[in-house]
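Below: one structure, written as structure tokens.
The values are calculated or read from the model by the stated rules, or taken from the named source; none is laboratory data. This structure is a prediction, so every number in the text was calculated from the model and none was measured. Here Cβ is always computed from backbone atoms with ideal geometry, including for glycine, and neighbour counts include all displayed protein chains. Please note that ligands, DNA and RNA were not included when accessible areas were found on the heavy atoms of the full protein model with its side chains. Shrake-Rupley method; radii C 1.70, N 1.55, O 1.52, S 1.80 Å.
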Amino acid sequence: MKGFVSLKSTTVGLAHVRFMGSPQGVDVADPKTLEIRFGEPITKAELDASPPMISLMEKSNLIVALTDDDRHKLPTETERRVRFLLQPQAAQTGRGDFDYDELVIPACRRDCSRTFLPYWPGTVTVLVSVDNLPDASAPLQVSWPLWHLIFTAVGGLVGGMFAYWVRKDSRWWRIPMGAITGFILYWAIIFIFRTKISHSSVLNPLSAFGFAAVGGWLGTEVFSLVLKSVGFKSAPS
């Protein structure tokens with residue numbers, strides 16, 4: 001004769017179960033005590049993008065949380081491996097990458113995060129896979145940094161205009177060239193140069209104008225600065 005019973009716990013911890021007897025007087029051959037460990041009722045992983053709308057010059061923080069059915073965050077008792085990936089390109093228009101596409105949520109932690117780095121505008125769907133849990137997803141919208149481009153162009157033109165007025169033998173094309181060199185300097189400050197200025201300060205539109213104005217003033221000297229920063233000792237003649 002066989003029988004079974006379902007055991008459910010309302011608390012987390014170790015439970016000791018022992019057969020004490022039955023109304024029918026049935027005995028078991030080896031009434032040993034069973035040890036059953038009940039963990040947190042983690043049923044799914046939730047993925048949030050913060051912020052969910054960014055420009056090509058910004059980053060988004062991807063937060064993975066372990067939750068129950070009521071979306072309460074719960075700590076895991078064992079390590080859980082997390083993998084980030086993007087939905088196939090045919091299903092989205094945006095492009096990007098992660099600083100790291102895998103990580104481990106340590107025991108006693110309830111969440112973790114990684115950074116998404118865009119390189120083409122459009123809609124991006126990020127997928128996350130967690131050990132022993134259903135996959136989760138979150139949408140991201142990446143746009144062109146229009147205001148930054150406008151402030152950069154104006155700043156570069158202003159810097160080129162000052163250089164045209166002040167420097168002797170300058171030609172008129174020094175002014176529109178400032179828009180190009182101003183943009184290049186601002187781009188290098190964001191993605192190449194290591195400065196003491198915070199990333200959020202660099203992304204300020206006034207910073208875009210100011211750095212681009214400096215780039216417009218420097219003109220082609222900007223190319224030498226960028227090339228030296230990536231390992232070239234001198235710009236090609």
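Observations on the model:
- If you plug the beta carbon distance of D69 and L117 into 1/(1 + (r/R0)^6) with R0 = 45 Å, you get a FRET efficiency near 0.85.
- Scattering curve values for region 55-192, log₁₀ I(q)/I(0), Debye with Cα scatterers, q = 0.08, 0.17, 0.20, 0.22 Å⁻¹: -0.38, -0.93, -1.11, -1.22
- Along each principal axis, taking the top coordinate minus the bottom one, the Cα set of the chain gives 110, 34, 29 Å in descending order.
- Electrostatic bookkeeping for F84 treats Lys and Arg as +1 and Asp and Glu as -1; over the other residues with beta carbon under 12 Å from its beta carbon, the sum is -2.
- Coil-residue chymotrypsin sites (Phe, Trp or Tyr not before Pro) of region 66-166, DSSP, other Cβ within 10 Å capped at 13: Y100
- When trypsin sites (Lys or Arg not before Pro) are flagged only if DSSP places them in a loop and at most 12 other Cβ atoms lie within 10 Å, the longest unflagged stretch of the chain comes out as 72-166.
- Beta bridges assigned by DSSP with both partners in the chain are antiparallel in approximately 95 percent of cases.
- Among the helices of the chain, those built from whole DSSP H runs whose Cα atoms reach 18 Å or more along their own axis and whose mean Kyte-Doolittle hydropathy is at least 0.0 are 146-166, 174-191, 205-218.
- Cut-off 14 Å, label 7 Å out along Cα→Cβ of F193, residues of region 122-165 by amide N: 156
- Using a Förster distance of 22 Å, the FRET efficiency for S201-R109 (Cβ separation, nearest 0.05): 0.10
- Cα-only radius of gyration and Dmax that characterise region 142-187, units Å: 11.7, 44
- Förster radius 25 Å - calculated FRET efficiency between R81 and S6 (Cβ-Cβ, nearest 0.05): 0.25
- Projecting label points 7 angstrom from Cα along Cα→Cβ for D131 and W165 puts them 6.6 nm apart.
- Across the chain, Cα pairs under 8 Å and at least six residues apart give a relative contact order of 15 percent.
- The residues of the chain have, on average, 66 Å² of accessible surface per residue, using a 1.4 Å probe with all protein chains present.
- Note on region 155-210: Cα-only Rg and Dmax are 12.8, 39 Å.
- Extension gain (nm, one decimal) between M53 and W144, 0.36 nm per residue minus Cα-Cα: 31.7 nm
- The chain, dipole about Cα centre (Lys/Arg Cβ +1, Asp/Glu Cβ -1), debye to the nearest 20: 980
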